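Participant: Sharing a structure, written as structure tokens. Questions coming.
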Amino acid sequence: MTKRPFIALEIHSATLWEPSQVLPMIEVMERWGYNALVLHQNDLLDECTQLGLAANYGVTDLRLKKVRGRCAWLNRLVQRLAAFGAELFLEIKEPSFHDYALEFYPDLIGPDGAPDPTHPDWAVMCRAKVEDLLDRVPGVGGLVVNLSSPESRVSLPDHLAAKGLDTDQGRWFDAMIEAFAGPLGATGKRLWVRDFSYTTDMQSDVLAAVARRDDAVGASVKITAHDYFPRAPENPVLRQVEGDMIVEFEAFGEHTGWGVIPNCRVGEFGERMAGYHAAGANGMLVRVSWEAIPGSHAMESLSAVNVFALPRLAAGETDAQALVSAWLEDRFNLTGDLAAKAADLMLQSWEIPASSYWLGEVFPRHSCLPSTWREGWMSMETTGMGYRGKRPDVARDDPRLTDAAREALFFEKEAATALAMHLAEATAELSPQLPEPQARLFEPFAWLPVFARTFEHATKATFFAARGMPDDHPALTEQADALLALADQIEDQLAEAQDLPHPHHVLFDPEQIRRFVRSLQTPA
């Protein structure tokens, strides 16, 4: 009997606690073919469990009230999802702890006063948290656990690096996975272990630990190695995982416009399905929100088309134009020539956020302009990881600084700006013919030229600043002046449109542009 694919919608923001936000998403899940809801918060297991009654009764009592309130919400979700055969999962990063737990597990803190993730009590405590969750929310379907990320409160890789230790990571992963898999498996629940790591050796170790299991522990793997960067290579482990695997996609736009500008990735996701099918994946996670942008999610924007299309792409549909048109009909009852024109604009708009990168390298910082040109350069050097305490050294013979490289880079940026202007103009002509709700969702097209021009001038300026040649000074000044003029224009636009959602003020921050320009005064 063929196992049903795990098709999950993932909420990764404070929105997960808001019934007015989550319940409408569940309605969409039922209509669009999703069978799991994943709530993602790093310390979510800590938030929803209580290990005992600590000495301070007042604090313990207050904490327990919050835990009961959160679990009541989770149980409500379990019941609603069960109405159409779907399940609830929690996604977490471990090891993690809330401070009260130290009364029960004091040895989690090492002699230096810092958490020691190598202590065996971490596995003991994690098992106790899982058992408590299963008692409070017995209908939960399982967990998605990340055990190898520096983003968890307690980081094994950072601990090992700081201490200069050579710990048997394989044994550590085995013990930690068992802490979750044991109680989950005993109650018929499912565990997915994420490969999301900052180093390839850590990624390899966690997946090897999953492969050593002979039970129902599966792997959850991002479609790209670290983050959801456009046009990034396929995750190299995707076709090497043994056993069950689900693949993670991002539909909101955290790296393609901060959830603000149009983010129709249907064409790109269709291309990536070759790897998905070749790997024999048994489902997917589709992320619709991001922890850095509270109160906003894909279903409120054109990004909803990605949420609609991904289960269909996984099922074998391939025509991007047809999928976007089908979403327009489902969402707005829009058909015919108008739908075809709107779908074409959405598919073309994908080129604008993708072109904010430096010929495929990660120049933007989470879709936004870097604070300095050096930060953008370091982001490219570290595949989007930023500084991490390093200063970027620019080699004079760097192949990205040749005249041929300049020609290719500048051509791409100028073409993106020209396309952005065309799309904004075409949308302005089309919008009056659209139903009011759809016309409102198409309003961000007006910001595409601003977004494209920002990265056009910023990458050109960075090229000249990094090369640091005296003959480039006039060209560098020209780009800096263009950025300052753009900052003034954006400031006026933001002032005129006072009801814009907050993410617009993050993505289009005139002070960030001016900060970037100041950094150009200190070239390499």
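The values are calculated or read from the model by the stated rules, or taken from the named source; none is laboratory data. All of these numbers come straight from a predicted model, not from anything done at the bench. Note that we place each Cβ from the backbone using ideal geometry, even for glycine, and neighbour counts take in every protein chain shown. We work out accessible area using only protein heavy atoms, side chains counted, and drop any ligands, DNA or RNA first. Shrake-Rupley method; radii C 1.70, N 1.55, O 1.52, S 1.80 Å.
Participant: For a quick check: with amide H placed at 1.01 Å from N, whose amide H comes under 5 Å from PHE6's, ignoring anything fewer than 5 positions away on the same chain?
Facilitator: Those qualifying (amide H under 5 Å, at least 5 residues apart or on another chain) are GLY283, MET284.
Participant: What is the Cα centroid distance between the stretch 176-237 and the stretch 284-339, reported in whole angstrom?
Facilitator: 27 Å
Participant: Identify which of the listed values of Rg and Dmax of the Cα atoms in Å was calculated from the structure shown: (1) 24.9, 85; (2) 22.4, 68; (3) 24.2, 71.
Facilitator: Comparing each candidate, only (3) matches the computed number.
Participant: Still on this structure, please answer the following. Go through ALA225, VAL206, ALA186 and say which Cα lies farthest out towards the positive end of the charge dipole of the stretch 183-230; charges sit on Cβ, +1 for Lys and Arg, -1 for Asp and Glu.
Facilitator: ALA186
Participant: Pull up all non-local amide H partners of GLU248: gap of 5 or more, or a different chain, and H-to-H distance under 5 Å with H placed in the peptide plane.
Facilitator: Answer set, sorted by chain and number: VAL221, LYS222, ILE223, LEU285.
Participant: How many angstrom lie between the Cα centre of the stretch 96-147 and the Cα centre of the stretch 1-55?
Facilitator: For the stretch 96-147 versus the stretch 1-55, the Cα centre distance is 20 Å.
Participant: What percent does the relative contact order of the stretch 107-208 come to when contacts are Cα pairs within less than 8 Å and at least six residues apart? Present the calculation step by step, with values, prior to reporting the outcome.
Facilitator: Working: 105 pairs, mean separation 34.6, N = 102.
It rounds to 34 percent for the stretch 107-208.
Participant: Okay, moving on. I need to check one value: relative contact order of the chain, counting alpha carbon pairs closer than 8 Å and at least 6 residues apart, in percent. Each step should come with its number before you reach the end.
Facilitator: Details: 831 pairs, mean separation 62.3, N = 524.
Result for the chain is 12 percent.
Participant: Which value, in Å² rounded to 10, gives the accessible area of ARG212 with a 1.4 Å probe and all protein chains present?
Facilitator: Here the accessible area works out near 130 Å².
Participant: Accessible area per residue of the stretch 273-313 at 1.4 Å probe, in Å²? Display every interim value, and only then the final one.
Facilitator: Working: 980 Å² over 41 residues.
Result: 24 Å² per residue.
Participant: Note the count of lysine pairs whose C-alpha atoms are less than 25 angstrom apart in the chain, limited to pairs 8 or more residues apart or on different chains.
Facilitator: For the chain, qualifying lysine pairs total 17.
Participant: Quick one: Karplus J couplings for the stretch 104-117, per residue in order, coefficients 6.51, -1.76, 1.60, θ = phi - 60°, nearest Hz, x for Gly and Pro?
Facilitator: 9, 10, x, 6, 5, 9, x, x, 8, x, 9, x, 10, x
Participant: Same structure again: Taking all protein chains in place and a 1.4 Å probe, what share, in percent, of the accessible surface of the chain do carbon and sulfur account for? The partial results should precede the final answer.
Facilitator: Numbers: 11010 of 21150 Å².
Ligands and nucleic acids excluded, carbon and sulfur give 52 percent.
Participant: I've got another one for you. Given H placed 1.01 Å from N in the peptide plane, which residues other than close sequence neighbours of VAL193 have an amide H under 5 Å from its amide H?
Facilitator: When sequence neighbours closer than 5 places are left aside, the close amide H contacts are VAL145, GLY218, ALA219, SER220.
Participant: Ok, one more. Mind checking the per residue accessible area of the stretch 376-507 for me, 1.4 Å probe, whole number of Å²? Don't skip to the answer; put the middle values down first.
Facilitator: On the way: 6590 Å² over 132 residues.
About 50 Å² of surface per residue is accessible.
Participant: Taking 8 Å as the Cα distance limit and 6 or more residues as the minimum spacing, I'd like the relative contact order of the stretch 378-449 as a percentage. Mind dumping the intermediate values first?
Facilitator: Values: 30 pairs, mean separation 17.4, N = 72.
After rounding, I find 24 percent.
Participant: Could you size up the charge dipole of the stretch 1-150 around its Cα centre, putting +1 on the beta carbon of Lys and Arg and -1 on that of Asp and Glu, and report it in debye to the nearest 20?
Facilitator: Values: 14 positive and 20 negative charges, 151 e Å.
With only Lys, Arg, Asp and Glu charged at Cβ, the dipole is about 720 debye.
Participant: Tell me, what HN-Hα J-couplings in whole Hz come from the Karplus equation 6.51 cos²θ - 1.76 cosθ + 1.60 at θ = phi - 60° for each residue of the stretch 9-20, using x for Gly and Pro?
Facilitator: Along the stretch 9-20, the couplings run 9, 10, 9, 10, 6, 4, 4, 5, 9, 9, x, 5 Hz.
Participant: Report ³J(HN,Hα) in whole Hz for each residue of the stretch 488-500, in order, from the Karplus equation J = 6.51 cos²θ - 1.76 cosθ + 1.60 where θ = phi - 60°; Gly and Pro get x.
Facilitator: So the Karplus estimates, Gly and Pro as x, are 5, 4, 5, 4, 5, 5, 5, 5, 6, 9, 6, 9, 5 Hz.
Participant: If you count only protein heavy atoms and use a 1.4 Å probe, how large is the accessible surface of LEU369, to the nearest 10 Å²?
Facilitator: 10 Å²
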